[in-house]
1. Keeping to the range 1-19, report how many residues are assigned to a loop (DSSP other than H, G, I, E, B) and touching a residue at least 12 places away in the same chain (Cβ under 8 Å).
2. Residues in the range 69-116 that are of a type outside the set (A, V, I, L, M) and either in contact with a Ser or Thr (Cβ under 6 Å, 6 or more places away or on another chain) or not in a helix (DSSP H, G or I) (or both): how many?
3. Can you report the number of residues in the range 73-97 which are small (Gly, Ala, Ser) and either over 23 Å from residue 35 (Cβ atoms) or exposed (fewer than 11 other Cβ atoms within 10 Å of the Cβ) (or both)?
4. Kindly list, by first and then second residue, each pair from a residue in the range 73-99 that is closer than 27 Å to residue 5 by Cα to a residue that is acidic (Asp, Glu), limited to pairs with Cβ atoms under 7 Å and residues at least 6 apart or on different chains.
5. Across the range 20-43, what is the number of residues that are touching a residue at least 24 places away in the same chain (Cβ under 8 Å) and not charged (D, E, K, R)?
6. Which numbered condition trips up residue 19, out of (1) open to solvent by 70 Å² or more (accessible area, probe 1.4 Å); (2) at positive phi?
7. I'd like the residue in the range 20-54 that is assigned to a strand (DSSP E or B) and of a type outside the set (A, V, I, L, M) and, out of all such residues, is nearest to residue 66 (Cα to Cα).
8. Restricting attention to the range 55-65, report how many residues are within 18 Å of residue 27 (Cα to Cα) and either assigned to a helix (DSSP H, G or I) or among the charged types (D, E, K, R) (or both).
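The values are calculated or read from the model by the stated rules, or taken from the named source; none is laboratory data. This one's a predicted model, so the numbers in the text were calculated from it and none came from an experiment. Please note: Cβ atoms are built from the backbone with ideal geometry, for glycine as well, and neighbour counts cover all protein chains shown. Ligands, DNA and RNA are excluded from the accessible area calculation, which covers all protein heavy atoms including side chains. Shrake-Rupley method; radii C 1.70, N 1.55, O 1.52, S 1.80 Å.
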Amino acid sequence: DVSAPKHGKVDPDNMPHVGGNTWAGGTGGRDTAGLGGKGGPYRLDAGHRVYQISQAEKDAVPEEVKRAAREMGEKAFKQRLKEIQMSEYDASTYERFSGAVRRQVQSLRIILDNLQ
């Protein structure tokens, strides 16, 4: 069961973590920032294979935990904007322009990676 959202511990060796309730950047777990899990405050990709839990499990997260996770994610987002000296308006504008060329940028990254 989920209890409360948290960032989680950072693994200094960046080992893959699947399931559980401890590691930031893990997959398929609960309460911590990661991918494919439930109840975490925000998505955090540590570069490992993603193990996805079922949508039914995600839907079963209590509303108060979802609300706390959203609030924590929003706070982290605002803190990050502050760190990079960007306003919410700037972030919205960036996302609009970035979204318009996202596929082309991804294609270019693939081409450049292959050339290296």
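1. 13
2. 3
3. 2
4. 81/88
5. Residues in the range 20-43 being touching a residue at least 24 places away in the same chain (Cβ under 8 Å) and not charged (D, E, K, R): 9 in total.
6. That leaves (1) as the condition not met.
7. If we take residues in the range 20-54 being assigned to a strand (DSSP E or B) and of a type outside the set (A, V, I, L, M), then 38 is nearest to residue 66 (Cα to Cα).
8. Total meeting the criteria: 5.
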